[in-house]
1. To the nearest 100 Å², how much accessible surface do chains A and B cover up together, summed over both, with a 1.4 Å probe?
2. Just want to confirm a number: the relative contact order over chain A, from Cα pairs under 8 angstrom separated by 6+ residues, in percent.
3. Identify the residues of segment B:60-91 with backbone N under 18 Å of a label point that sits 7 angstrom from the Cα of B:Asp38 along the Cα-to-Cβ direction, or state none.
4. Could you provide, to the nearest whole Å², the per residue accessible area of chain A with probe 1.4 Å?
5. Determine the sum of side-chain charges near A:Lys58: Lys and Arg each +1, Asp and Glu each -1, restricted to other residues whose C-beta is under 14 angstrom from that of A:Lys58.
6. Name the residues of segment B:18-47 whose accessible area, probed at 1.4 Å, falls by at least 50 Å² once all protein chains are in place instead of their chain on its own?
7. Could you give the radius of gyration (one decimal) and Dmax (whole number) of the Cα atoms in the protein assembly as shown, in Å?
8. Would you mind getting the accessible area per residue of chain B, heavy atoms of the protein chains only, 1.4 Å probe, in Å²?
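The values are calculated or read from the model by the stated rules, or taken from the named source; none is laboratory data. In this text the structure is predicted, and so the values were computed from the model without any measurement. Positions of Cβ are generated from backbone atoms using ideal geometry, with glycine treated the same way; all protein chains shown enter the neighbour counts. Accessible surface is based on the protein model in full, side chains and every heavy atom, while ligands, DNA and RNA are left aside. Shrake-Rupley method; radii C 1.70, N 1.55, O 1.52, S 1.80 Å.
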Amino acid sequence: AQSVTQLGSHVSVSEGALVLLRCNYSSSVPPYLFWYVQYPNQGLQLLLKYTSAATLVKGINGFEAEFKKSETSFHLTKPSAHMSDAAEYFCAVSDQGTGFQKLVFGTGTRLLVSP
Amino acid sequence: DAGITQSPRHKVTETGTPVTLRCHQTENHRYMYWYRQDPGHGLRLIHYSYGVKDTDKGEVSDGYSVSRSKTEDFLLTLESATSSQTSVYFCAISESGADYEQYFGPGTRLTVT
């Protein structure tokens with residue numbers, strides 16, 4: 001069965017510092033991988049996704065993630081944090097080759113940004 | 001923003017009472033999903049639908065039922081609510097294909113006392 005592990009339920013950074021949110025997946029076949037962001041009292045919205053094209057994926061709001069098969073990782077980064085980046089971030093995985101998208105989510109990482 | 005609404009947005013109910021949550025979409029997407037979000041668990045799939053009258057169970061389906069009589073509406077029913085079903089419930093929609101993104105509704109906060 002697929003699973004996703006997000007290391008660190010909370011990550012704190014200063015404004016302007018590098019953001020690194022970690023995601024490791026477990027899947028028997030090459031998966032599709034997603035990062036979603038959730039702002040307070042809102043639903044989730046897609047930041048970026050990996051669908052077996054380029055291994056370095058750029059998303060919205062300056063975020064990017066790199067798919068590393070050898071490390072089974074899909075870490076999310078942003079060079080310089082903004083106060084507006086404070087939110088909860090979820091990594092998710094789904095199997096390729098199916099019409100139905102069954103997403104398995106990680107437990108989430110809350111990003112705190114201090115001035 | 002994808003056209004997804006959920007109703008009600010907040011509900012407090014007593015143990016043992018039935019509760020129905022509604023998800024409505026205006027995007028004509030084939031797939032619809034119900035998730036629950038709990039601290040420390042992320043989002044877990046309750047049920048999903050792949051067409052009118054076509055539904056299947058997800059990871060945490062016990063105590064929940066769903067129905068989809070029209071493309072645009074997906075109902076989640078708790079037949080007899082329990083305190084363990086206190087949660088935030090999200091509806092999502094997607095087009096066909098495992099690489100498509102899911103669009104999420106604003107959520108319903110349900111408290112069972």
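1. Details: alone 6200 and 6120 Å², together 10580 Å².
Result for this pair: about 1700 Å² buried.
2. Working: 286 pairs, mean separation 42.8, N = 115.
With pairs under 8 Å counted, the relative contact order is 37 percent.
3. B:60-65, B:77-91
4. Details: 5340 Å² over 115 residues.
Value for chain A: 46 Å² per residue.
5. Working: positive: A:Lys49, A:Lys78; negative: A:Glu64, A:Glu66.
That sum, taken over residues with Cβ under 14 Å, equals 0.
6. Those are B:Leu43, which lose 50 Å² or more relative to the chain on its own.
7. 17.6, 51
8. Working: 5230 Å² over 113 residues.
Averaged over the residues of chain B, the accessible area is 46 Å².
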